[in-house]
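Everything on this sheet refers to the single structure shown next.
The values are calculated or read from the model by the stated rules, or taken from the named source; none is laboratory data. Note that the coordinates shown come from a computational prediction; the quantities given were computed from them, not determined experimentally. With ideal geometry, Cβ positions are generated from the backbone for all residues, glycine too; neighbour counts draw on all protein chains shown.
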Ligand SMILES: Nc1ncnc2c1ncn2[C@@H]1O[C@H](COP(=O)(O)OP(=O)(O)OP(=O)(O)O)[C@@H](O)[C@H]1O
Ligand SMILES: [Mg+2]
């Protein structure tokens, strides 16, 4: 049976990026990745990997002045970052339309996404352990996310 949780240790940003790349290679329209973790945890690094795995080009950086960065390709990636969002403005931003926009959605600071955060999603929880060390927990919510975990589990089995 596909695992619902995978715990792994990342020893470098490259390692985290490669995890994203593996997930990106499997991602398809409708997939939602929620990236939890404090400032500098490595959420954007993981999104960079997702984009690469999806064969999307262009520099991936935190959306600084906009809420959403779009990376276009056969299947687009919508990179949502709620960090700078004033929570009282959440009702006005309409980010939910990206969930129906035939792409993959990756969300930084998903705790600020409000009630529209989909139940069916893959949570990536990144915790700072040391300068270049991160504890990463992948947590599947729903059968599609469980499938994704199952598909990459072999690469991370101890
Ligand atoms: N194992 C690791 N995994 C990911 N990033 C790492 C790792 N080790 C060191 N880093 C560094 O930590 C930083 C992570 O930055 P990143 O922008 O991805 O964080 P973030 O979680 O997106 O933060 P923010 O909430 O500010 O957007 C980068 O400078 C990266 O090089
Ligand atoms: Mg970021």
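May I ask you to list the residues in the range 18-28 that are surrounded by fewer than 23 Cβ atoms within 10 Å (Cβ to Cβ) and either within 22 Å of residue 113 (Cα to Cα) or within 16 Å of ligand 2 (Cβ to nearest atom) (or both)?
Pass one, the range 18-28, residues surrounded by fewer than 23 Cβ atoms within 10 Å (Cβ to Cβ): 18, 21-22, 25-26, 28.
28, the sole residue that qualifies.
What do you reckon, is residue 62 under 13 Å from the mean Cα position of the chain (by Cα), within 22 Å of residue 29 (Cα to Cα) and in a loop (DSSP other than H, G, I, E, B)?
Here the answer is yes, as residue 62 does meet what is asked.
Mind checking which residues of the range 37-59 are within 9 Å of ligand 1 (Cβ to nearest atom) and surrounded by 16 or more Cβ atoms within 10 Å (Cβ to Cβ)?
If the condition is that a residue be within 9 Å of ligand 1 (Cβ to nearest atom) and surrounded by 16 or more Cβ atoms within 10 Å (Cβ to Cβ), then 37, 41, 42, 43, 44, 45, 46, 47, 48 are the ones that fit.
With respect to the numbered conditions (1) exposed (fewer than 14 other Cβ atoms within 10 Å of the Cβ); (2) under 17 Å from the mean Cα position of the chain (by Cα); (3) within 16 Å of ligand 1 (Cβ to nearest atom), which one is the sole condition not fulfilled by residue 131?
In the conditions (1) exposed (fewer than 14 other Cβ atoms within 10 Å of the Cβ); (2) under 17 Å from the mean Cα position of the chain (by Cα); (3) within 16 Å of ligand 1 (Cβ to nearest atom), residue 131 misses (2) alone.
Being away from ligand 2 (no atom under 16 Å from the Cβ) and more than 13 Å from the chain's Cα centre (by Cα) is the filter here; which residues of the range 29-42 pass it?
29
Keeping to the range 94-135, report how many residues are out of contact with any strand residue (DSSP E or B) (no Cβ under 8 Å at 6 or more places or on another chain) and within 16 Å of ligand 2 (Cβ to nearest atom).
Within the range 94-135, residues that are out of contact with any strand residue (DSSP E or B) (no Cβ under 8 Å at 6 or more places or on another chain) and within 16 Å of ligand 2 (Cβ to nearest atom) number 1.
If the requirement is being within 13 Å of residue 34 (Cα to Cα) and modelled with pLDDT of 95 or more, which of these qualifies: 48, 125?
Result: 125 is the single residue among 48, 125 that is within 13 Å of residue 34 (Cα to Cα) and modelled with pLDDT of 95 or more.
Residue 9 versus (1) surrounded by fewer than 18 Cβ atoms within 10 Å (Cβ to Cβ); (2) over 13 Å from residue 124 (Cα atoms): which is the lone unmet condition?
Failing condition for residue 9: (2).
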